[in-house]
Structures are given as C-alpha cells and as structure tokens.
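The values are calculated or read from the model by the stated rules, or taken from the named source; none is laboratory data. On a predicted model such as this, the values are computed, not experimentally measured, just so you know. Neighbour counts are summed over all protein chains in view; Cβ atoms, including those assigned to glycine, are modelled from backbone coordinates with ideal geometry.
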Amino acid sequence: MKGSKHFSVTVRAWRQAGPAEPGKMVSYKVKDISPDMSFLEMLDILNDDLLKKGETPITFESDCREGICGSCGLVVNGDVHGPDEHSTVCQLHMRRFSDGDVITVEPWRVKAFPILKDLAVDRSALDRVIAAGGFVSINTGAAADANATPVEKDKAEEAMDAAACIGCGACVTSCPNGAGMLFTGAKISQLALLPQGGPERAKRALSMVAAMDKEGFGNCTNEYECEAVCPKDIKVANIARMNREFLLANLFSKR
Amino acid sequence: MEITFIKRFITTSIGRKAVMAVSGLLLGGFMLVHLAENLLLFKGEAAYNGWVDMLLSNPVTPLLELGLLFLFLAHIITGAWVRVEDFLNAPSGYEARKWQGGRTIGSATMLYTAAAVLAYLAYHMLTFRFTDHSMGFYQMVTYAFRDPVFVAVYVAGSAALALHLSHGMQSAFQTLGVNHPKYTPLIKIGGILVAVAMTGFALISVYYLLGIDIKAAQAGYNVVIIR
Amino acid sequence: MKLDAKIPAGPIEKKWDSHKFNLKLVNPSNRRKYDVLVVGSGLAGASAAASLGELGFNVKVFTLHDSTRRAHSIAAQGGINAAKNYPNDGDSVWRLFHDTVKGGDYRAREANVYRLAQISNQIIDHCAAIGVPFGREYSGLLSNRSFGGAQVSRTFYSRGQTGQQLLLGAYSAMMRQVAAGTVTVLPRREMTDVVLKNGQARGITVRNLLTGELESHSGHAVLLCTGGYANVFNLSTNAGSCNVSAAWAAYKRGAGFANPCFTQIHPTCIPRSGDHQSKLTLMSESLRNDGRVWVPKAKGDKRPPQDIPEAERDYYLERRYPAFGNLVPRDIASRAAKTVADSGYGVGPSSQAVYLDFRDSIKRKGENKIKDEYGNLFDMYYQITDENAYKSPMRIYPAPHYSMGGLWVDYNLMTTVPGLFALGEANFSDHGANRLGASALMQGLADGFFVAPSTVSGYLGANKFEAVSTGEKEFTDSSKQVQDRVNRLLAVKGKKTPAELHRQLGNVMWNDVGMGRSEATLKKALKKIPEIREEFWKNVAISGADKDFNQTLEKAMKVADFMEFSELLVKDALERNESCGGHFREESCTPEGEAKRDDANFSHAAVWEYQGEGKEAALHKEALTFENIKMAERSYK
C-alpha cells in the first residue's frame, strides 16, 4: 500500500506466433501502472490494450497467481521469475520498478521446453519424468493406519522441503546447461527420505534418471544457479541425494 | 554377465559425472603428492634425485603411470562429453540473461581451465617426461625454472589448475552424493585449500626464477624447451 | 426430472458398507474394455483416475492445464480433516459427521456426510502411504491443528501447503497409472460439451487449447471433476482458469444444478488494492488459531494499528462468539467482518478490511514459532502488500472462495444424466450451505479415491452399453454446436475485453449477491445481468484465430458461461428466502443479526433443470430429512 504514484514502463516482450515460427522482441509502452499491481496484472493491462487496438495479446501462462501452481514463468530483465529472491513471477510486484524502466520479458529458453507461442512453453517433459517413478506403488485402500509408520520429524520436514516443488521449471531455465536435476532430485529425495518410499528406492532412482536423460535435459555441473532461483528454495542437497541414490542403486541393487 | 551397471557409468548423466568426479578426486590427490615431491627440491639435489631414482627403479611405477594415464583419460573423456553436450544444449537466444548467485568464476570457466590444464600437462610432459634425462632430474628441473617463459607457462597453468579445482573439488563430492549440512562447509573449505595449494607449483618455479644460482646460469640450459 | 437420491436403507453407520455390497462389480479382466472419461485433474479427478486405473479401467483424463499437477486444489493451504482422534480430544466419525452437518447449516444430505466422515480416516492412511509429507510430532506420529467450526483438533496438514501436497500425492498415484498404461492424460483440453446417446452420457467434446481443434472422445462414463464457480464473482481466491463451463454444459444437457446460491466467502483474504486486481489471495484460516481479529472501537480511526491501545480495540469475534472466538466458521467470520466494515469501523486505505493480529501470539510463543507455522503465509503477505506482519497486523477481508452448490448428484455421485458423475467441488456436495475449513480436501479425495471407484464400477456393471463411435451424429452435432458458439463469439468483434465484461459482472455479483442478499438487491441483479450479457454478445473483443492457441477466446468462452450461470445463481438466491450458511438473506435474521433458517419451507436442495435457451429453468426439490441429527439453531456463542 506504499506509494500510490502511477507510472509508465516499456515492455520488451518476445513474440513468436507458433512453435515453428521465427520470433522477435517487440516493445510496448504500458501506462498508468500502480506500484501495488503485480507484474502479471501489468501484462494483463498491456494485453487488454492490445486487444482493444485489434492486436493479438501476448500469450503467457499463469493460473493461481499466488505462487503455488507453477504455471507462470518468465525471464524478466534476465532474471528467472524476476528480481525477487525465491519467488514466482506472479508474486513480483510493480513497486520493484520505476517510471521509464525498460523491462525485457522472455520465455524459458530451454531445449527440453519448446516454445509454443510468445512466452508460453511446453513443460510436459517434467510430467514424463514423474511418470517414470515419482510415486509410491500402493493401491487405494491397501494402506495400514497412518500412525503405524512413524517418521522422524526432521526427516519428514526435509521431505516436505523437497516436496514443496511446484514444477515451474525455473531450475531448468536458470541452469547454464538446462539440466532437470533439481526437479528430479527433489522428487527422488522426498520419497527416499520417507519410509513409505523405501521399497522402491533403487528402481525409482534408476528409472527417473533414465527418463530425465531421455527428455534432453542437460548435465549438472554443480553451479547451483537452480537453488538460487527456486521459488520454493529447494536445496541442491537434493541433487546430491539423487546422485547417491542413483549410484548406490547402480552399484548395489540387482537392477 | 550383468553389464548394464557398467554401461550406466558411461551412458547416464549421473554415471558419467561420477566417473568424472572419482577420477578428478584421485587426480587431485595425485597433484598433492606431486606437490610434495616438488617440495623435495628444497632438500637439495641428493634428496630429490634419490626420490626420483627410487621411483624409476620401482617396478610398480609403470603400472602407476598407466593408472594415472587411465585417470586422465577417464576424466578428460567424461568431462569433455559432459561439457560439449552442455555447450551444444545450453539455453541460448536471451536478450538479457543474469546469473543469480550460484555461479562462480571457477564453475563458469571449467571448460577453459580444463583446456588450459591439458595444455599445461602436455607442455610439462614434453619438457620433463619425454625428454633427455641425462643431466639429472634436479638439474633439469631447476634449470627449467630459470627460464622466464617456462615459468610464465607454469604460473598460468597452475593458476588454471587452482581455478579448476576451486570448483572441481567440492563439485566432485556433490556429484558423488556427499552433501550434508555438517560436512559440506568443511568440504568446500578443503576444496579451496587444495586449489590454493596448486599455486605451490607456480611458487616453486618462481622461487627458482628469482633465486641467483651462477653455476646453473653458466651451465646454460640443456633441456628442450618448447615455446 | 426425477430426483432419486438412492440413499441406501438401514442404519446410517451401515449404509455405505451395505451399498458397496449391493453394487454390481465388473470382472477384473473385463475392466479394460470400459472407457472412463475424467474431466479435471484436481484432487477429485486425479484420485478418481488413479483408483479407477488401479482397478484396471481404461481412463482418459482431460485437463485445461499444461500439466495435471496445476489444478487449483494445489492452492489449498490449511489442511484436511479426519476423525482419527489421535489427539484424544473426543473426536469420532460421529462428531465429524455432526460438525459437518451443523457447519453446513443442515442443508446437506445426512447419508453422504456420514460416509464422508467414515472415509476420512482412510484418506489419511492412504495419503501418508503414498508419500504425502504430513506435519509430524517428535514422536514421528502425525500432528493435528484445529480449524474453524470444530472444538477438536482433527486437521492434518503439510505446513501451509496441504492442498499442494495432497494434489501432488494424487497426481503421483495417477502418473503411476499413466506408466502402467491404464490412464492417458490429455492436457490443454477444455471440455465444451457432454455427448449423450440413448439418454446415457457417452462422451465429451473438448477444445484442444493449443490448436483450437474440437475433439470428440467416447466412453462408458463421464466424471466431471471440474471444481467450483466462485469466479462468477470475477475476483475470488480461485485461479484464473477456474470456471463453470463444464458443469454448465452438463446442465444444458439435462444434469440438474443444485443450490447454486450456496457460495462461500472466505473471511481471511488480502484486501483488494485497485481495479487492476486479477485475483484475491487467501491467507489460510489456520492463521485464526494464532491471530486475533479486531477493529478500532472508534469509527474511522486512521491511526497505525500499533498506536491503538488495547482498550480501544474491539476483538469483535471474541466478544460476540465467546465459545469459538476467532475460530467461528467462515460464513460467520465473513459476515461479522462485513458488518463492522459497513458500520464504518473498517481499516486500511479502502476501509474494507479488518486486522488479523499476531502480536499476542508472537509475545507468547516467540516469532520463530510463528514463523515455523505460518512463515510462507507471512512471506506471501509481504510480497503482495509490502508489509511485515510480524511487526504490524495483517489486513484481511472476505473474498469468494468456494462453491457448495454444484451439479446435483445422488448417493452414487451420479447426476440426473445416467453415466454422468460429478465429484469434488463440482457436485453440490456434502457441505450444505457452508463448508467447514479443511473439509474440501477431504471431500475431493473421498469422492475420487473411495466413492467413485465403487459407484462408477457399479454403474458400469449394472448397465448395457451399445457400441458408439465418435463419428456418430451425436458427436458431430455436439462439435457443430460448440463450433457455432465459437464462431459467434469471434464474429462479435467488439470493443470491450472479456476481462472488462467479467469485471462488470463480478461487481454486480459481489455488490448485490455477495455476503448479504435481499430481495431488492437480487432483483436488481436479475435486471443487470441480462444487460451485461447482451452487451457481452454485442461488444466483446476477441482477436486472433479460432484454430490457434488463443487465450482471449478461452477467457471469453468461460465468461460467456458465467454470464448465463450467474442468472441461475441469483434466481436460486431469490427463491431461497431464508438465511443459511453462506447464503444470507437480510430479510431472514435473528434480532442479533445472525442468520435465521426457515426449516419448514427450505429444508431441501433446490435443483434446477434446464428448459432450453431463453426459457425459465424449472425448480425441483430434494427434501432433506434429518434422522440422526437434531436440527437446531446454529450457535457458536
């Protein structure tokens, strides 16, 4: 609620009509911005302007706009999800900008996430990685009483830290190599930390890593850019745990 | 025979990196031993040449050399594979792109420092290993260290190696899955210390460059120096 | 329209078991011959797809998102109820059943609610088993917190992200079936129509959101798990893509729509900051465990909250409802906030807010403990408002959040159209006129994991199915109708954006059909809505092509349905001349201003039947009888 002076910015956004079309950066002036506006609300206003002028609005994805669904994802002035630390771009507010700023807005540019249109990309590779083993194979109705399996509180908290992943793909985008390690590592970690995930640990690690490789994600070079941008502050310790799970499974399981 | 697991060390992203990490750690260990050997220079000609003679007369040494060659090849091949693949696949086309704090100079330059270290290694092998050793190893080394160009190459090479290890040591532990809130900070400090130690190679050469040894100067250089 | 709730006979404790026994089964080797179409992939959809897939049915899941994991269940914060009684504070299936019926102000079907309470425990067992990281005690056992409308601690949680963790659990169970080959996921598809053949739901028409192509899919049963319609208010806590379209399409194909006026206004949301606002953000109800709600005692007191001394603060919830205090149910807390704000005691720049203050809890427990429990919410609050709630109180105000109304379903969760089921928030559900906190997650998962697998199997086992192909007339006709509507929209070429028109509609809905409704405001809304709808069809601006990734067209299609649906909601609100739960008719209140039910005339579910375009919907009633719980005035004093 601080500051109520309205201002103007120039948005330079990536426009690309379709997956196979060439794209380019296009500049737009956006006026009458309130500092209390979210960044995506500013884009909404720009889009409404474009629409009224009979132009095609900029395609970008968002849904919950409270930082949990993982739909949104933009590179703002070179920052993945914008300049705020550990935040999604829907939580970025215009009070971070000032009058006359030129703001570049670009899509996730990662081999594993092909651009669909403008700022929207295809992140289905992440689902396929989960389908390779990011689950516990218990049929509905087969479980014993929930309190029959105690879980050390610290472990449960650590599992929750990993499970907080929203699947936005920022880790892949921020990675100099476009690796999907933080995403995959978080899921493998969550289930490795919980006794419930125990019986399938080896199988899961081997098959999820194989699926990740198949999707064309890059290699991890341990630069930890992913950790620096992750909106949910997921730690690279999860990548180490995935490495451990994978190597132990490879060396000591029967698979 | 089950060989899938061996294949995985070559074909999967994490397997390849593990090979790179293990070979890197062992090579790092070798570099520390090698540095200790170099420190023998300060104990004088007898001590240094005695150690070298012991090595050369030991029947295990060729095997160790072979092992070392294997480590180098494993590290270079897996490293190159990882890096070239990443280079080809790296996200590109950004008009603006910032790094958000994870990257270090060491981590961002791994490919370049690797190339520099490889060149340094080749130079080192040609000048000291595949050459005429008749004047004695101590003489050969200390004479070489009086050539400013040679020392410059050495300083540059050691710096590249230090930079390489500043990222490489802790990175290897992470790749092998060793990450723990208690130990990781120590590993990171240890890695930096090992990296800093690599400048020892340069410091020794600089020591001899700056030292005044008339006898050696009069004798002139009798090693082949590739410039 | 015949409303047969198909409530099994026998004592309420035995109904579900005996019903399951009586349901027909499908032989395991025959199951893969049945195609089940699941629309929506939130808690209800994902869990139904997972468990039907586990049984061996051939399941197709449709979602309008790019990934099934993004469904709006993900945003639920606080928790999920179950009658485990782990804290030993006197909880039981019976008490959960009782609290839910009472919380819903006696407008839910007893048998359904009892089943929900019964199943609640299995949900916790299953979710813990599939790796949902619930909050735990140092013993390693599950932890509970308390929630509004209950005097026991029965809410299980994963920090402030319980919906996310449960959804990801259901999603992972579903992805396991994707790997097993029983479930196929078709993302970026918006359902636009239900296809009937011989009176049975036999397929759907969907629009591929990337290509704009209409696709027909046939099956033996269709499950709508498409969530709620709170976005009819434009600004709500729902995600941008939440809509009524699928349910509305089903309604137009003959599914009865029940109690559309039962909408929930959540008391603790971040107030709006201007016209640009695209959504309202919820602050979990769990905050009311530690936060105290107050306003200044003096009207228009504009001092910073820290400067207002204790004696000049009115903790109005604690004052008016001493027994439940800050933990009164949502409808009551919301109305109380509206009352104080409307009387001039509101705070903040808009005066449409009240304080939620953590000062005393921070003093008692320490800032770190509060940070542990609600850190993410405080962070979110800071990001949106630029204010530090550890230092000064949060400003909150009610916002539309959930819809208790929805497609009418019988005990089997089947709508009035054979083979068309509705699960989760999409059905008119077990929450009556008001949903208690932490009960939506419970219901979504109960429907999907445990009820639908039995009842859908029962339907498939008990019926004969003719072979259908998507080339048949029913399918092509449906596609043609949808395409005609799309073409009409694109032909308007007007000047107002779908978002502007939606805002116009939302303003009417919020002002006239929001927390307080009267005959006068409702009639006003009934006059305004058709005008806005007419304007929409004359003046909506949509650019771009139909056969393309066209988000404006997507939005316009959703708004077009809200323009029609809103009118039904208002009619229902007008028809229900009583106050109950979230539906507050100003004509019907006690002298203290509390909601006053009229059981003699309104103890029923109001079910609306579509009569064709431009015709008045027909009203049917399912009488609600209470054999196990005595109806009483709902008091939280």
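Against the condition modelled with pLDDT of 95 or more and away from chain A (no Cβ under 14 Å), how does C:THR100 come out, does it pass? First the steps, then the outcome.
Values: modelled with pLDDT of 95 or more: yes; away from chain A (no Cβ under 14 Å): yes.
So C:THR100 fits the description; yes.
Residue check: is C:SER457 farther than 30 Å from C:GLU285 by Cβ and polar (S, T, N, Q)? It would help to see each step written out before you state the result.
Numbers: farther than 30 Å from C:GLU285 by Cβ: yes; polar (S, T, N, Q): yes.
The answer is yes for C:SER457.
Restricting to segment C:353-381, count the residues that are over 18 Å from C:PRO304 (Cβ atoms) and either under 30 Å from the mean Cα position of the chain (by Cα) or not basic (Lys, Arg) (or both). Even if it seems obvious, please write down each step before you answer.
First pass over segment C:353-381, keeping only residues over 18 Å from C:PRO304 (Cβ atoms): C:361, C:363-380.
In the following step, the residues that additionally are either under 30 Å from the mean Cα position of the chain (by Cα) or not basic (Lys, Arg) (or both) were identified as C:361, C:366-368, C:370-380.
Going through segment C:353-381 one residue at a time, the tally reaches 15.
Can you say whether C:ARG319 is part of a loop (DSSP other than H, G, I, E, B), without any contact (Cβ under 8 Å) to a residue 12 or more places away in the chain, out of contact with any helix residue (DSSP H, G or I) (no Cβ under 6 Å at 6 or more places or on another chain) and away from every other protein chain (no Cβ under 14 Å), as far as the supplied structure shows?
No.
May I ask you to say which residue of C:GLY514, C:GLY448 is under 18 Å from C:LEU420 (Cβ atoms) and touching a residue at least 40 places away in the same chain (Cβ under 8 Å)?
Working: C:GLY514 fails: under 18 Å from C:LEU420 (Cβ atoms).
The match here is C:GLY448.
If a residue has to be in a strand (DSSP E or B) and modelled with pLDDT of 95 or more to count, how many in segment A:94-148 make the cut? First the steps, then the outcome.
Residues of segment A:94-148 that are in a strand (DSSP E or B), as a first pass: A:102-106, A:110, A:113, A:115-117, A:120-121.
Remaining after also requiring modelled with pLDDT of 95 or more: A:102-106, A:113, A:115-117, A:120-121.
Count: 11.
Which of the residues belonging to segment A:127-138 are surrounded by 22 or more Cβ atoms within 10 Å (Cβ to Cβ), more than 7 Å from every other protein chain (Cβ to nearest Cβ) and under 30 Å from A:LEU40 (Cβ atoms)?
The answer is A:VAL129, and nothing else.
Aliphatic (A, V, I, L, M) and surrounded by fewer than 24 Cβ atoms within 10 Å (Cβ to Cβ): which single residue out of C:VAL93, C:VAL101, C:VAL113, C:VAL132 fits that description?
Working: C:VAL101 fails: surrounded by fewer than 24 Cβ atoms within 10 Å (Cβ to Cβ); C:VAL113 fails: surrounded by fewer than 24 Cβ atoms within 10 Å (Cβ to Cβ); C:VAL132 fails: surrounded by fewer than 24 Cβ atoms within 10 Å (Cβ to Cβ).
Exactly one of C:VAL93, C:VAL101, C:VAL113, C:VAL132 is aliphatic (A, V, I, L, M) and surrounded by fewer than 24 Cβ atoms within 10 Å (Cβ to Cβ), namely C:VAL93.
Given the conditions (1) farther than 28 Å from A:ALA210 by Cα; (2) of a type outside the set (Gly, Ala, Ser); (3) facing another protein chain (nearest Cβ under 9 Å), and given that A:LEU119 satisfies all but one, which numbered condition is not satisfied?
(3)
Filter segment C:477-505 down to residues that are of a type in the set (Val, Ile, Thr) and free of Cβ contacts under 8 Å to residues at least 60 places away in the same chain and give me whichever is surrounded by the most Cβ atoms within 10 Å (Cβ to Cβ). Steps first, please.
Of segment C:477-505, the ones of a type in the set (Val, Ile, Thr) are C:482, C:486, C:492, C:497.
So of that shortlist, the ones also free of Cβ contacts under 8 Å to residues at least 60 places away in the same chain come out as C:492, C:497.
Details: C:VAL492: 16, C:THR497: 26.
The extreme case among them is C:THR497.
Residue-wise test of (1) touching a residue at least 40 places away in the same chain (Cβ under 8 Å); (2) out of contact with any Lys or Arg (no Cβ under 6 Å at 6 or more places or on another chain).
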| residue | (1), (2) |
| --- | --- |
| C:ALA246 | yes, yes |
| C:PHE262 | yes, yes |
| C:CYS269 | yes, yes |
| C:SER284 | yes, yes |
| C:PRO309 | no, yes |
| C:TYR315 | no, no |
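If C:ILE396 satisfies every condition in (1) free of Cβ contacts under 8 Å to residues at least 60 places away in the same chain; (2) not in a loop (DSSP other than H, G, I, E, B) but one, which is the exception?
With respect to (1) free of Cβ contacts under 8 Å to residues at least 60 places away in the same chain; (2) not in a loop (DSSP other than H, G, I, E, B), C:ILE396 is out only on (1).
Scan segment C:138-167 for residues that are at the interface with chain A (Cβ under 7 Å from one of its Cβ atoms) and either modelled with pLDDT under 95 or within 20 Å of the chain's Cα centre (by Cα) (or both) and jot them down. Steps first, please.
First, the residues of segment C:138-167 that are at the interface with chain A (Cβ under 7 Å from one of its Cβ atoms): C:138-142, C:158-159, C:161, C:164-165.
Those that are at the interface with chain A (Cβ under 7 Å from one of its Cβ atoms) and either modelled with pLDDT under 95 or within 20 Å of the chain's Cα centre (by Cα) (or both): C:SER158, C:ARG159, C:GLN161, C:GLN164, C:GLN165.
Every residue in segment C:96-136 that is free of Cβ contacts under 8 Å to residues at least 40 places away in the same chain and not in a helix (DSSP H, G or I), please.
Correct list: C:VAL132, C:PRO133, C:PHE134, C:GLY135, C:ARG136.
Please go through segment A:140-172 and give me each residue that is more than 8 Å from chain C (Cβ to nearest Cβ) and more than 14 Å from C:GLN161 (Cα to Cα), ordered by number.
Passing the criteria: A:ALA148, A:ASP154, A:LYS155, A:GLU158, A:CYS168, A:GLY169, A:ALA170, A:CYS171, A:VAL172.
Going residue by residue through segment C:165-188, is there one that turns out to be surrounded by fewer than 24 Cβ atoms within 10 Å (Cβ to Cβ), on the phi > 0 side of the Ramachandran plot and not small (Gly, Ala, Ser)?
The answer is yes; a qualifying residue exists.
Is it true that some residue in segment C:382-390 is closer than 22 Å to C:GLY78 by Cβ, assigned to a helix (DSSP H, G or I), within 25 Å of the chain's Cα centre (by Cα) and outside the structural domain of C:MET509 (by TED's automatic domain parsing)?
yes
In this structure, does C:SER439 turn out to be surrounded by fewer than 19 Cβ atoms within 10 Å (Cβ to Cβ) and either touching a residue at least 24 places away in the same chain (Cβ under 8 Å) or not hydroxyl-bearing (Ser, Thr, Tyr) (or both)?
Working: surrounded by fewer than 19 Cβ atoms within 10 Å (Cβ to Cβ): no; either touching a residue at least 24 places away in the same chain (Cβ under 8 Å) or not hydroxyl-bearing (Ser, Thr, Tyr) (or both): yes.
When the stated conditions are applied, C:SER439 does not pass them.
Filter segment B:94-114 for residues that are at the interface with chain A (Cβ under 10 Å from one of its Cβ atoms) and among the hydroxyl-bearing types (Ser, Thr, Tyr); which is surrounded by the most Cβ atoms within 10 Å (Cβ to Cβ)? Working first, answer last.
Initial filter on segment B:94-114 (at the interface with chain A (Cβ under 10 Å from one of its Cβ atoms)): B:94-104, B:106-108, B:110-111.
Next cut, among the hydroxyl-bearing types (Ser, Thr, Tyr) only: B:94, B:104, B:107.
Working: B:TYR94: 15, B:THR104: 14, B:SER107: 21.
Selected residue: B:SER107.
Which condition does A:VAL102 not pass, out of (1) more than 26 Å from C:GLN165 (Cα to Cα); (2) touching a Lys or Arg at 6+ places or on another chain (Cβ under 9 Å); (3) facing another protein chain (nearest Cβ under 9 Å), if it passes all the others?
All conditions pass for A:VAL102, except number (3).
For residues in segment C:267-282 being more than 10 Å from every other protein chain (Cβ to nearest Cβ) and of a type outside the set (Ser, Thr, Tyr), which is surrounded by the most Cβ atoms within 10 Å (Cβ to Cβ)? If you could, list the steps in order and put the result at the bottom.
Within segment C:267-282, the first condition is being more than 10 Å from every other protein chain (Cβ to nearest Cβ), and the residues that meet it are C:267-269.
Now narrow it down to the ones that are of a type outside the set (Ser, Thr, Tyr): C:267, C:269.
On the way: C:PRO267: 32, C:CYS269: 23.
Here the answer is C:PRO267.
A:ALA142 is checked against (1) surrounded by fewer than 24 Cβ atoms within 10 Å (Cβ to Cβ); (2) among the aliphatic types (A, V, I, L, M); (3) within 15 Å of the chain's Cα centre (by Cα) and fails just one. What number does that condition carry?
Just one mismatch for A:ALA142, condition (3).
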